[in-house]
Amino acid sequence: MPGCPELELITGFYDARQCAVLLGHFLQEHQWPDNRYLFAGREFVLPRLQTWHADPGIRYSYSNNLLETRPWTPVLLDIRAKVQTFLRRGFNSVLVNCYRDGADHVGWHADNEPELGAEPLIASISFGAERPFLYRRKHAAVSGKLILPSGSLLIMQPEFQHAWRHSVPRQADIDQARINLTFRNVIQPEGVD
Ligand SMILES: [Mn+2]
């Protein structure tokens, strides 16, 4: 992307017909949990729906362990296979997000948890409503904005998590859902069972 070589957007990774099928699957058949969690004795409302799926034995402290680890579903395995073939690398986990409408969002963050290792490459697929993806340098007044089309694959190179933060802000005029799958590779520390 202009000004941000650590981001690469592949449009049409899934075509419109595939997007319609997959969006329908995630909205109607995927088992979403409630977005209210109890954490340290207080209720915490996540402004989106999320599930986390990983290979056996993979654990991740994302969001202070709010999320249970689920097995892969057949649909998620199909998508993972396509991403892995395209990128020629493996992913052992995926975070699945549903932004139900423009009120759902994610604040400024970097995906740089220690379990993702020093060089976290993340592959992000979008289905459904187009939402702006904002990014800004951590230590400089540089920022940018991408629109993520349905069926697109956004490749975030490791340096993106080191040097930038990103967000998907609220957008009042959006009343359609966006599904976002972020494939990751969690590194299990040696000696931990
Ligand atoms: Mn993120």
- prompt: Any residue in the range 68-86 that is among the hydrophobic types (A, V, I, L, M, F, W, C), farther than 18 Å from Phe183 by Cα, away from the ligand (no atom under 16 Å from the Cβ) and out of contact with any Pro (no Cβ under 9 Å at 6 or more places or on another chain)?
  reply: no
All conditions in (1) under 21 Å from Tyr135 (Cβ atoms); (2) more than 13 Å from the chain's Cα centre (by Cα); (3) within 15 Å of the ligand (Cβ to nearest atom) are true of Ala110 except (2)
Of the residues in the range 87-107, those that are within 13 Å of the ligand (Cβ to nearest atom) and more than 14 Å from Pro47 (Cα to Cα) come to Val94, Leu95
Restricting attention to the range 14-28, the residues that are within 19 Å of Thr73 (Cβ to Cβ) and touching a residue at least 40 places away in the same chain (Cβ under 8 Å) number exactly 8
When the range 124-137 is checked residue by residue, the ones that are within 14 Å of the ligand (Cβ to nearest atom) and under 16 Å from Ala110 (Cα atoms) are Ser124, Phe133, Leu134, Tyr135, Arg136
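Out of the residues in the range 170-188 that are more than 13 Å from the ligand (Cβ to nearest atom) and within 16 Å of the chain's Cα centre (by Cα), state the one that is farthest from Arg137 (Cα to Cα).
Going through the qualifying residues, I end up with Ala177.
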The lone condition Gln161 fails out of (1) at pLDDT below 95; (2) over 14 Å from the mean Cα position of the chain (by Cα) is (2)
Just one listed residue, out of Val106, Val186, is among the β-branched types (Val, Ile, Thr) and closer than 21 Å to Pro71 by Cβ, and it is Val186
In the range 38-62, anything touching a strand residue (DSSP E or B) at 6+ places or on another chain (Cβ under 8 Å) and either among the basic types (Lys, Arg) or surrounded by fewer than 17 Cβ atoms within 10 Å (Cβ to Cβ) (or both) is listed as Leu38, Glu43, Phe44, Val45, Pro47, Arg48, Asp55, Arg59
Exactly one of Ser143, Ser167 is among the polar types (S, T, N, Q), surrounded by fewer than 17 Cβ atoms within 10 Å (Cβ to Cβ) and within 12 Å of the ligand (Cβ to nearest atom), and that one is Ser167
Every listed condition ((1) modelled with pLDDT of 95 or more; (2) of a type in the set (Val, Ile, Thr); (3) over 21 Å from Pro149 (Cα atoms)) holds for Val21 save (3)
Within the range 1-57, the residues that are part of a helix (DSSP H, G or I) and either touching a helix residue (DSSP H, G or I) at 6+ places or on another chain (Cβ under 9 Å) or hydroxyl-bearing (Ser, Thr, Tyr) (or both) are Leu22, His25, Phe26
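The values are calculated or read from the model by the stated rules, or taken from the named source; none is laboratory data. Not measured: the values here are computed from a predicted model. Backbone-built Cβ (ideal geometry, glycine too); neighbour counts: all protein chains shown.
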